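Engineer: First the structure, which I've put down as structure tokens, then a few questions once you've had a look.
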Amino acid sequence: MWVGKAFGWLILVLTLGTSYEVLVRYALRAPTTWAFDFSYITYGGLFLMAGAYTLSRNGHVRGDVIYRLWPQRMQATIDLTLYIIFFFPAVLAWIYAGWQFAKMSIQFQEVSIFSPAGVPVFPLKTLIPVTGVMLLIQGFAEVARCVICIRQGYWPQRLHDVEEMETAILHEKEFQREHPEVAQSGAKGA
């Protein structure tokens, strides 16, 4: 989770870098040689490293026209089957091929061919197998969620990054109403 949040800051870096390029290009008539490389490398890193984080938040696009109508146990069973048949083999192939690709790029100290600045691109290519490992770890977590759902009959709660304060207060009041014994013991301990 912290990896996705850390790489999320690249949005700010990308915005500042692009804004700087626009300023010097149009206001000062002095474009940089590195702006194009900077933007695609930064966005590429952000895109690569956000995949596992998005999976942890159930944020990937899915066609769930029929899926959402199924009982949760059936959803979990289908998800578990698809993780085993498609997800894990694809991620393992991603890691293997990405490692070969990154290794070659590091050996040659590969730089961008699109600009005269010669910006190094091997760090970005190194993120390819790292992304695969992060997806693999998150895939194990998703499989665990499927197994829990199959056993309990409902999906375990996902963590949320941001929740409106009003919503959090309403949830707390609702919990206290449903569980007065917990609310009273909490008040006594305060």
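The values are calculated or read from the model by the stated rules, or taken from the named source; none is laboratory data. Since the model is a prediction, treat every value here as computed from it, not as a measurement. Quick reminder, even Gly has a Cβ in these numbers, built from the backbone with ideal geometry, and neighbours come from all protein chains shown.
Engineer: When you go through (1) surrounded by 14 or more Cβ atoms within 10 Å (Cβ to Cβ); (2) over 15 Å from the mean Cα position of the chain (by Cα) one by one for Val91, which number turns out not to apply?
Structural biologist: The one condition Val91 does not meet is (2).
Engineer: Could you list, in sequence order, all residues of segment 94-129 that are surrounded by fewer than 16 Cβ atoms within 10 Å (Cβ to Cβ) and closer than 20 Å to Gly4 by Cβ?
Structural biologist: The one that is surrounded by fewer than 16 Cβ atoms within 10 Å (Cβ to Cβ) and closer than 20 Å to Gly4 by Cβ: Pro123.
Engineer: For Leu136, all conditions in the list (1) in a helix (DSSP H, G or I); (2) over 14 Å from the mean Cα position of the chain (by Cα) hold save one; what is the number of the exception?
Structural biologist: If we test Leu136 against (1) in a helix (DSSP H, G or I); (2) over 14 Å from the mean Cα position of the chain (by Cα), just (2) comes out false.
Engineer: Any residue at all in segment 30-48 that is at pLDDT 85 or above and surrounded by fewer than 12 Cβ atoms within 10 Å (Cβ to Cβ)?
Structural biologist: Yes, some residue in segment 30-48 is at pLDDT 85 or above and surrounded by fewer than 12 Cβ atoms within 10 Å (Cβ to Cβ).
Engineer: For segment 1-119, which fully contained helices (runs of 4 or more DSSP H) count at least 3 residues that are touching a residue at least 40 places away in the same chain (Cβ under 8 Å)?
Structural biologist: Working: elements: 2-8, 10-22, 35-56, 72-82, 88-108.
Fully inside segment 1-119 and qualifying: 2-8, 35-56, 72-82, 88-108.
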